[in-house]
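Visitor: Questions regarding the structure given below will be posed in turn.
The values are calculated or read from the model by the stated rules, or taken from the named source; none is laboratory data. Note that the structure is predicted; figures quoted are calculated from it, not measured. Using ideal geometry, Cβ is built from the backbone for each residue, glycine included, and neighbour counts are taken over all protein chains shown. Heavy atoms of the whole protein, side chains included, go into the accessibility calculation; ligands, DNA and RNA do not. Shrake-Rupley method; radii C 1.70, N 1.55, O 1.52, S 1.80 Å.
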Amino acid sequence: MTPAHPGAILPGDSPRAFLEHLYRVAVERAQPIRSMARYLPAPPRGRTVVLGAGKAGGAMAHAVEQLWPAHAPLEGLVVTRYGHTPPRPTGVPQRIEVVEASHPVPDEAGLRAAQRILAKAHGLTADDLVLCLISGGGSALLTLPAEGLGLSEKQRINRHHR
C-alpha cells in the first residue's frame, strides 16, 4: 500500500511511530493559519477590529494578520496566557496587539486587558467589523468582575474550582 502523503507512516509500521505521526498531523491541521482562511469574511467598508482571549489567542491573531489583505485596515487586542504567544511569522507586520495574563487564576494584567478590549468595542459603526477570537482559557484571561465584585473575589473562585 502506498501512503497518500509522502512521509506518511502506515498502521503496519511501528505503532508508536504511527501514533506520533497521527498526533503531528492533527496538531498541524489544528493550527489557526490552516483552518481560519475559509471563515474570514471580506473586509468591510469601515474598520476591522479583532478582539479576543484564550490560550490560542496569539496564534489566532498571527493567523488573521497573515491572512487579512495587506491593504485592508486591521487592528485589535488579544490576551493570551503568559508564555503562549508564538513567534511572529516572518514578514508579517503586527496589526493586532497580543498581551499576556495569568491562567487559570486571573491577574491584574487580564483585568486591564478586559477593560481595554471593552473600550475598543465602543464607537464602532455599522460599517465596521469585529472579529472575535476565543479559545480555551478565555474566561480566566478576560476577566472583568461584575460591579460590586473585585479581582480578589474572582481569583478566590478560580482557585477554589480548579
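Visitor: Pop out the carbon and sulfur fraction of the accessible area of the chain as a percent, whole number, probe 1.4 Å.
Guide: Numbers: 5560 of 9830 Å².
So the carbon and sulfur contribution to the accessible surface is 57 percent.
Visitor: Next question. Using modelled amide H (1.01 Å from N, peptide plane; none on Pro or chain starts), what sits under 5 Å from the amide H of THR85, excluding residues fewer than 5 places away?
Guide: Placed amide hydrogens put nothing under 5 Å from THR85.
Visitor: What are the semi-axes of the equivalent ellipsoid of the chain, taken as the square roots of 5 times the eigenvalues of the Cα gyration tensor, listed largest first and rounded to whole Å?
Guide: Values for the chain, descending: 34, 24, 11 Å.
Visitor: Tally Lys/Arg at +1 and Asp/Glu at -1 over every other residue whose Cβ is under 14 Å from the Cβ of PRO73; what's the total? Write out the running numbers ahead of the final one.
Guide: On the way: positive: ARG45, ARG47, ARG95, LYS120; negative: GLU65, GLU75, ASP127, ASP128.
The answer is 0.
Visitor: Ordered by residue, what ³J(HN,Hα) values in Hz, to whole numbers, does region 23-38 give under the Karplus form 6.51 cos²θ - 1.76 cosθ + 1.60, where θ = phi - 60° and Gly and Pro are x?
Guide: For region 23-38, the Karplus curve yields 4, 4, 5, 4, 5, 4, 6, 7, 5, x, 4, 8, 10, 7, 3, 5 Hz.
Visitor: Which far-off residues, 5 or more places away or on another chain, put their amide H under 5 Å from the one on VAL130, with H placed in the peptide plane?
Guide: Distant-sequence amide H within range of VAL130: VAL49.
Visitor: Quick one: Karplus J couplings for region 75-86, per residue in order, coefficients 6.51, -1.76, 1.60, θ = phi - 60°, nearest Hz, x for Gly and Pro?
Guide: Going residue by residue, I get 8, x, 8, 10, 10, 10, 6, 3, x, 9, 8, x Hz, with x marking Gly and Pro.
Visitor: Could I ask something else about it? Could you list which residues have their amide H under 5 Å from that of ALA72, counting only those 5 or more apart in sequence or on another chain, with H placed in the peptide plane?
Guide: Excluding prolines and chain starts, which carry no amide H, there are no hits.
Visitor: Specify the inter-centroid distance of region 123-162 and region 85-100, based on alpha-carbon positions, in whole Å.
Guide: For region 123-162 versus region 85-100, the Cα centre distance is 22 Å.
Visitor: How much accessible area per residue does region 3-118 have, counting only protein heavy atoms and a probe of 1.4 Å, in square angstrom? All intermediate terms of the calculation are to be shown ahead of the outcome.
Guide: On the way: 6520 Å² over 116 residues.
So region 3-118 comes to 56 Å² accessible per residue, rounded to a whole number.
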